[in-house]
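Student: Quick one: the structure is below, and I'll ask about it shortly.
Coordinate-derived values only; no laboratory data. Only a predicted model underlies this, so the values are computations on that prediction, with no experimental measurement involved. Here the Cβ positions follow ideal geometry from the backbone for every residue, glycine too, while neighbour counts run over all protein chains shown.
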Amino acid sequence: MSKKEKNPSPAGEQEQAPQEAQQPQEVTEEYRQEETPETFTVTREQMEKMEALAGQLSSLHDQHLRLAAEYDNYRKRTTREKETIYQDAKLDTIAKFLEVYDNLERAASQTGDEDNVHKQGMVMIFNQLRNVLEKMGVTIDDPQGQPFDPARHNAVMHVDDENLGEGIVSQVFQKGFLLGERVIRCATVQVAN
């Protein structure tokens, strides 16, 4: 027994070595089997079903793409509509304050009593309103000496003036206001012929 106890590992190693050598051969045989493609026979009926399913898949894919495109267009359209509604509401609100602007401008432009506290207060309120409108993106259209633009100006009088060219604004009765490129109120003008 002492011999067996002294040499247990070499005998065990010898027994394991042949098994390890056999494993690579088994692996290569399995690998060779995997390399050869399997062939299947398909009946005409099965082939027609596969073609029908492929057609359905293509149709569903097209429907999915169309639905995704419609949703994207809907999202963009609603974003534009929201922006338009906001701009329209802003434009309508500003238009209601323009009468107040005109009255404050008239009061501030009155000559005399420059030291009057009431007049100074009016001038300060007028300047404050003008600054608020500027911050909101409103620009004042004062077309004095510019060509008449029927989209932005409202001609209420014509005058023959040799010093001005034809179609030039000779006098502004009421200033116009723009919000970006949109007209809030047309300028009321006199045009030279």
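Student: Cα centroids of the range 131-193 and the range 48-119: how far apart, whole angstrom?
Tutor: For the range 131-193 versus the range 48-119, the Cα centre distance is 27 Å.
Student: Can you compute the modelled spin-label distance between Leu164 and Asp113, with each label point 7 Å from Cα toward Cβ, in nm?
Tutor: Each label point lies 7 Å from its Cα, and together they span 3.3 nm.
Student: Once you have the Kirkwood Rh of the range 78-179 from its Cα pairs, apply Stokes-Einstein at 4 °C and 1.567 mPa s and quote D in µm²/s.
Tutor: Calculated translational D: 80 µm²/s.
Student: Could you work out how far apart the two model spin labels at Asp102 and Glu134 are, taking each label as a point 7 Å from the Cα in the direction of the beta carbon, and quote it in nm?
Tutor: A separation of 2.3 nm, rounded to one decimal place.
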